[in-house]
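Just so it is clear, none of the values below were taken in a lab; they were calculated from the coordinates. Only a predicted model underlies this, so the values are computations on that prediction, with no experimental measurement involved. Positions of Cβ are backbone-derived with ideal geometry, glycine not excepted, and every protein chain shown enters the neighbour counts.
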């Protein structure tokens, strides 16, 4: 089998690409896609660790399923929010979502 | 569900319901009943009332269970996976929890009933009242429903805490109480005072929360270390002898201290949680200011719940504290406690606010309990925790009744006697420690909590006075009849046997306690009324029915509560008593291998405790009997006119005591001002050095360079200039965007931190 | 063979992921995202998590990616193709993301993971099902409540307010 660290490096790379997308994209939907990539990276880690350490128990897979569930909920709410904001302000540029400004 | 032994009475299975009852009241009030104040109060009282009855039923059943100390009842379910172990969600019932169950729900119940009167439930709302400010006398508080929801949650926290089966559960309920104390101390959040120095309820709540947080953080550190060492946080696992043995024998090298047993380090860290929660020196500063909350909250915090939680924590984790026999952990606890007992008692001598005297007295009595624990008086400390809860709740509720009586008198004096009003028309500036429990917006400022304004209330408010005096006598340890005597005497006896330095300190503290109690009673109830408000004070309003009945019930316990713990060898009375309390708690102590045998009778501590109690009371009576005498019919022009008889003999020490050894000022200067200065400095650094000098400077330099460059050779220097300009622009934009309000910038900070910290972790030597 | 498959899927995943975060046209980004999800599903198959691979495709490709494409199309007018893709902190982010990757990569390769490769259970799907209704019943139910709440919340938030 492939060594465990292959998967971990893959996940780390995916995570960092996702982080870049989430932090550098101007478009809110782009940001959300970055977040999805990060969550997927986490899932790879969970499943890889499951397979390489405790294959008999399915804990890692179970957690991955929960992550997917939460990701689905997050995507639904996130996109609904973007549509609501778009209606109000006619923009999906994250840089203009600055009502938190002090 | 896992149950260790199934041969328990069936009723034990209802244990997990106990904390749920007030919690259900909380949920129902918040989600459904909050429009109706009467319904909210009814729900809260119903919830805690059921908990009280069920709690007593369970606790009384435990008395007859054989070998209960060795085989406590546990019910738990795996809840939180942590690597290879599970944290359980569970409750345990043992003699300690049983004893607390006798006290906590019952005292909470009485306080809740009292709160109905205190918050004026059933009275009309006043149009003048604002949300978040105390109501005018004779009107209901606007947010009374919210109040009952909070106190119901508070009771949930305490009941859950005493039944917690492991440290995680304990921490959860501990934090629930921390949250509730913040919400309740700051209950009158909209209140503000003319004197900017006087702490507002909002600030007091914040202060309580942040001060206890210091202790909580250290406690959490202790818990984490404990988990790292033992792989468990369940009391049943941690207190196994082999586990304690291992903790006591393995050591850790602490910089500056040397090899320390893990048990000592963990015990001291956990004890810091208790220091914060139980307001011990040096984290005692929050508790007196917690008086800004409504009086039932003060009683709840200071008697039945919050501060007891700290002591309870130490009692609960006592096997850990004592894992190293007579080790530094116990010594630390003993000396912190003894010092605090004396320290707070001296401050209480010079306070004029009726509730602040009680607040310092609470700190002092908690110190007593810690000192007792530190010298190994496990049973005596538990006993004092229980008796103290009864009489201190009584005293706080009594003081609330006095304050309401004074307000009614003040109100009445203004409505009926126009001239009398002028006599109390003074400014309450000057000493910075007056606080008004119910300021009336349309009346001149007057402090109904200042004992110097009182006097002669005995005839005006007989029910309050009698019960308050009983509570006061119990606090001073009035011999034979009061509960306080038996518990204090037991602590002194233990101290005499184990540590005579602690004994002397505690004896002096007990003397001072009796003295300031006598002072308080004389100033409040005896002599003649010193103001028009005291002249017209009364307890005839309908709200006092709600308020005085709990007082009487508590008075009964403040006396009779001590009879369960009369030592067998006490001359005369001992023959009548089987000392059931010692027997009950002692069985647990034995199971945990704590030395808890009854001490042989010794005359020295007995005579000392008799002497200090009676001597202090008599001395207080003699000194304050004649103080502040006025000609008949005359009133004080202002509180400072009342000259305290101690002020002259103590000389410069008196203002020091009055100002609580200036600890608030010290902390303010060192910590708060320090933090403010640091942030101001950082801000200046940002704006001056980084923005002006660095960014602008580099920019200016760049511009200057570019001009020079253009003047010399446009083609060669251009690239360099553009580079510098880009760097400057980038730097400036990074710096500026720290406060942009854009989520992505904030997340970038997270990314930078994580990557840099991880990188550092990688590069640093192991 | 395993190696080849791994590198194939890894390259698909990472290449597509880079395209996701850099493509100017968001609709194309979303399509690249679907490819990423397929690549990860392949990785899951390599890891003997076939069920998860199917779930990955069903949920991510079937639901989330579709949702994203809908959102892109609904907000299409504002997506000026000439607008910059990135905000002005992009270069800093890129730097630190690379740093984080290097650090993480060094850490995961250095640590001696307690690897104990056992055979993956044959009846994994059955076992998963039993786990969900057994020891993980409460989290499972909570997750379903979360989904319902998210759905209702999304409807309320995105609804036109008259």
Notebook entry, point to check: Roughly what % of Cα-Cα distances in region C:1-46 sit above 12 Å, to the whole percent?
Noted result: 55
Notebook entry, point to check: Semi-axes of region B:443-484's equivalent ellipsoid from the Cα gyration tensor, sqrt of 5 times each eigenvalue, largest first, rounded to whole Å?
Noted result: 27, 12, 7
Checklist line | Debye intensity ratio I(q)/I(0), log10, region C:29-162, q values 0.19 Å⁻¹ (C-alpha model) | finding: -1.30
Notebook entry, point to check: So for the pair residue C:116, residue B:504, with labels modelled 7 Å out along Cα→Cβ, what separation do we get in nm?
Noted result: 6.1
Checklist line | Efficiency of FRET between residue C:66 and residue C:145 - r from beta-carbon atoms, R0 22 angstrom, step 0.05 | finding: 0.40
Checklist line | Rg/Rh (Cα only; Kirkwood hydrodynamic radius) as it applies to region C:3-84 | finding: 1.06
Margin query: Please give the Cα centre distance for region C:25-69 versus region B:246-314, rounded to the nearest Å.
Written below: 52
Next item on the list: Above 34 angstrom, tally the Cα pairs of chain B and express them as a % of all pairs, no decimals.
Entry: 52
Checklist line | Ellipticity estimate at 222 nm from DSSP helix runs (n ≥ 4, -39,500 (n - 2.57)) divided over chain B, nearest 500 | finding: -20500 deg cm²/dmol
Note to self: Can you tell me the mean projection area, over all orientations, of the convex hull of chain A's alpha carbons? Units nm², please.
What the structure shows: 7.6
Checklist line | Cα centroid of region B:56-89 to Cα centroid of region A:1-49, whole Å | finding: 44
Check: Say we join alpha carbon atoms closer than 10 Å with springs in a Gaussian network model of chain C; which of C:16, C:49, C:137 then has the biggest fluctuation?
Finding: C:137
Next item on the list: Relative to the longest principal axis of the C-alpha atoms of chain A, give the angle of the C-alpha long axis of helix A:28-53, reported between 0 and 90° and rounded to the nearest 10°.
Entry: 10
Item checked: Packing-based exposure ordering (other Cβ within 10 Å, fewest first) of B:79, A:50 -> B:79, A:50
Next item on the list: Give me B:542, B:36 ranked fewest to most by other Cβ atoms within 10 Å of their Cβ, as a rough exposure proxy.
Entry: B:542, B:36
Next item on the list: Would you mind computing Rg(Cα) / (2.2 N^0.38 Å) for region B:1-133, counting N as its residues?
Entry: 1.34
Notebook entry, point to check: If you build a Gaussian network model of chain C, linking Cα atoms that sit under 10 Å apart, which residue out of C:117, C:43, C:125 swings the most?
Noted result: C:117
Next item on the list: Once you've got the GNM for chain A with C-alpha springs shorter than 10 Å, pick whichever of A:34, A:18, A:60 has the biggest mean-square fluctuation.
Entry: A:60
Item checked: Rg/Rh for region B:502-613, where both radii come from Cα atoms and Rh is the Kirkwood radius -> 1.11
Item checked: Least to most buried among B:360, B:584, B:746, A:86 (fewest other Cβ within 10 Å first) -> B:746, A:86, B:584, B:360
Item checked: Translational diffusion coefficient (Stokes-Einstein; Kirkwood radius from C-alpha pairs) of region B:117-275 at 10 °C, 1.306 mPa s, in µm²/s -> 86
Check: Rounded to the nearest 500, what is chain A's calculated 222 nm mean residue ellipticity when only DSSP H runs of at least 4 contribute -39500 (n - 2.57) each, over all residues?
Finding: -27000 deg cm²/dmol
Margin query: Let me see the P(r) profile for the protein assembly as shown: every Cα-Cα distance counted, bins of 10 Å, each bin given as a percent of all pairs.
Written below: 2, 9, 16, 18, 17, 15, 11, 7, 3, 1, 0, 0
Next item on the list: For region B:63-130, divide the Cα radius of gyration by the Kirkwood radius and give the resulting Rg/Rh value with two decimals.
Entry: 1.29
